[in-house]
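Only one structure is covered here, and it is reproduced in the block below.
The values are calculated or read from the model by the stated rules, or taken from the named source; none is laboratory data. All values derive from a computational prediction rather than experimental measurement. Positions of Cβ are backbone-derived with ideal geometry, glycine not excepted, and every protein chain shown enters the neighbour counts. Keep in mind that these areas ignore ligands, DNA and RNA; they rest on the heavy atoms of the full protein, side chains included. Shrake-Rupley method; radii C 1.70, N 1.55, O 1.52, S 1.80 Å.
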Amino acid sequence: MAPIAVGDVLPDGTLSCFDAEDKLQQVSVHSLAAGKKVVIFGVPGAFTPTCSLKHVPGFIEKAGELKSNGVDEIICISVNDPFVMKAWAKTYPENKDVKFLADGSATYTHALGLELDLGEKGLGTRSRRFALLVEDLKVKAANVESGGEFTVSGADDILKAL
């Protein structure tokens, strides 16, 4: 399957997270994105160096600027289980705007065409690093990294696309 691209309609899918009452929830991507301007960024794994030290902090730091430019939701997706994503989110106590959603079986990552086979490294199927700007389910920017790079999918790159 070809990776998601500008002009494509964002596929629906179900992701997992814990709500404010610490109850496990299944969330439809379309329920979060329909009729809204959203940023969805994906990372290869929770607690990994580039993801934890650069990618996620960038979106947390720039959340106010993104919101002032009309972004309604900022969503982080990783191929991890919801317990890991909850624990990872707690390492960012300053975060008020980035939602951490789990794609435990990589089903949604496959639907986006952004899966990455890291089986040789013992990591199984993961997500490529990416950032999407989506308006009412239509992809306006699709910034997908090559290999282990972090050059086009940061918060500043999405701000340039707004």
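The conditions are (1) over 13 Å from Phe100 (Cβ atoms); (2) out of contact with any helix residue (DSSP H, G or I) (no Cβ under 9 Å at 6 or more places or on another chain); (3) charged (D, E, K, R), and Lys62 fails exactly one of them. Which is it?
Every listed condition holds for Lys62 apart from (2).
Pairs, please: C-beta under 8 Å, at least 6 apart or cross-chain, first residue closer than 19 Å to Ser105 by Cα and in the stretch 1-15, second exposed (fewer than 11 other Cβ atoms within 10 Å of the Cβ)?
That search, which allows pairs on different chains as well, returns Thr14/Gln26; Leu15/Gln26.
Taking Gly104 as the residue in question, decide whether it is at positive phi and surrounded by fewer than 19 Cβ atoms within 10 Å (Cβ to Cβ). Talk me through it step by step, then tell me what you get.
Numbers: at positive phi: no; surrounded by fewer than 19 Cβ atoms within 10 Å (Cβ to Cβ): yes.
Judged against the criteria, Gly104 is not a match.
How many residues does the stretch 107-136 contain that are out of contact with any Leu (no Cβ under 6 Å at 6 or more places or on another chain), of a type in the set (A, V, I, L, M) and open to solvent by less than 10 Å² (accessible area, probe 1.4 Å)?
Final tally of qualifying residues: 5.
Six or more apart or on different chains, Cβ atoms under 8 Å: show the pairs whose first residue is in the stretch 135-162 and of a type in the set (Lys, Arg) and whose second is exposed (fewer than 15 other Cβ atoms within 10 Å of the Cβ).
Within 8 Å, the pairs are Lys138/Gly7; Lys138/Val9; Lys140/Val6.
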